[in-house]
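The values are calculated or read from the model by the stated rules, or taken from the named source; none is laboratory data. Worth saying up front: this structure is predicted, and the values here are computed from it rather than measured. Note that we place each Cβ from the backbone using ideal geometry, even for glycine, and neighbour counts take in every protein chain shown. These area figures cover heavy atoms from the full protein model, side chains too; ligands, DNA and RNA do not enter into them. Shrake-Rupley method; radii C 1.70, N 1.55, O 1.52, S 1.80 Å.
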Amino acid sequence: MKKYLKITNIDCPVCASKIEDAVRKIAGINNCTLSFLSERMVIDINEDNADLIQKIIKVCHKIEPECQIIER
């Protein structure tokens, strides 16, 4: 199942790449693609789970404390 998230306030493409790699390591996430320019994250997950979104937010804030994530 694919989920689409809007992610804003990322400083640079390198930070976006770090976030992408960190999110891929979360259990339950099959894949993650983050586009710095379009501010869009696409995650492939096994099942819809609110805890996964909270884990993604936590990981993103460790790398980019000012980023905002909005579930679409």
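Assess whether Lys62 counts as being over 10 Å from the mean Cα position of the chain (by Cα) and modelled with pLDDT of 95 or more.
yes
Please go through the stretch 13-34 and give me each residue that is surrounded by fewer than 16 Cβ atoms within 10 Å (Cβ to Cβ) and part of a strand (DSSP E or B), ordered by number.
Asn30, Asn31, Thr33
Given Leu5, Leu37, which one is in contact with a helix residue (DSSP H, G or I) (Cβ under 9 Å, 6 or more places away or on another chain), open to solvent by 90 Å² or more (accessible area, probe 1.4 Å) and of a type outside the set (S, T, N, Q)?
Of the residues listed, the single one that is in contact with a helix residue (DSSP H, G or I) (Cβ under 9 Å, 6 or more places away or on another chain), open to solvent by 90 Å² or more (accessible area, probe 1.4 Å) and of a type outside the set (S, T, N, Q) is Leu37.
Provide a single number: the residues in the stretch 5-19 that are under 26 Å from Asp48 (Cβ atoms) and free of Cβ contacts under 8 Å to residues at least 12 places away in the same chain.
The total comes to 0.
Keeping to the stretch 1-12, report how many residues are assigned to a strand (DSSP E or B) and in contact with a Phe, Trp or Tyr (Cβ under 8 Å, 6 or more places away or on another chain).
So the first thing to find is which residues in the stretch 1-12 are assigned to a strand (DSSP E or B), and the list is 2-8.
Filter once more, so that each one left must be in contact with a Phe, Trp or Tyr (Cβ under 8 Å, 6 or more places away or on another chain): none.
So the count comes out to 0.
Mind listing just one residue for me: the one in the stretch 40-56 that is surrounded by fewer than 11 Cβ atoms within 10 Å (Cβ to Cβ) and in contact (Cβ under 8 Å) with a residue 24 or more places away in the chain and, of those, nearest to Ile7 (Cα to Cα)?
Only one residue fits best here, namely Asp48.
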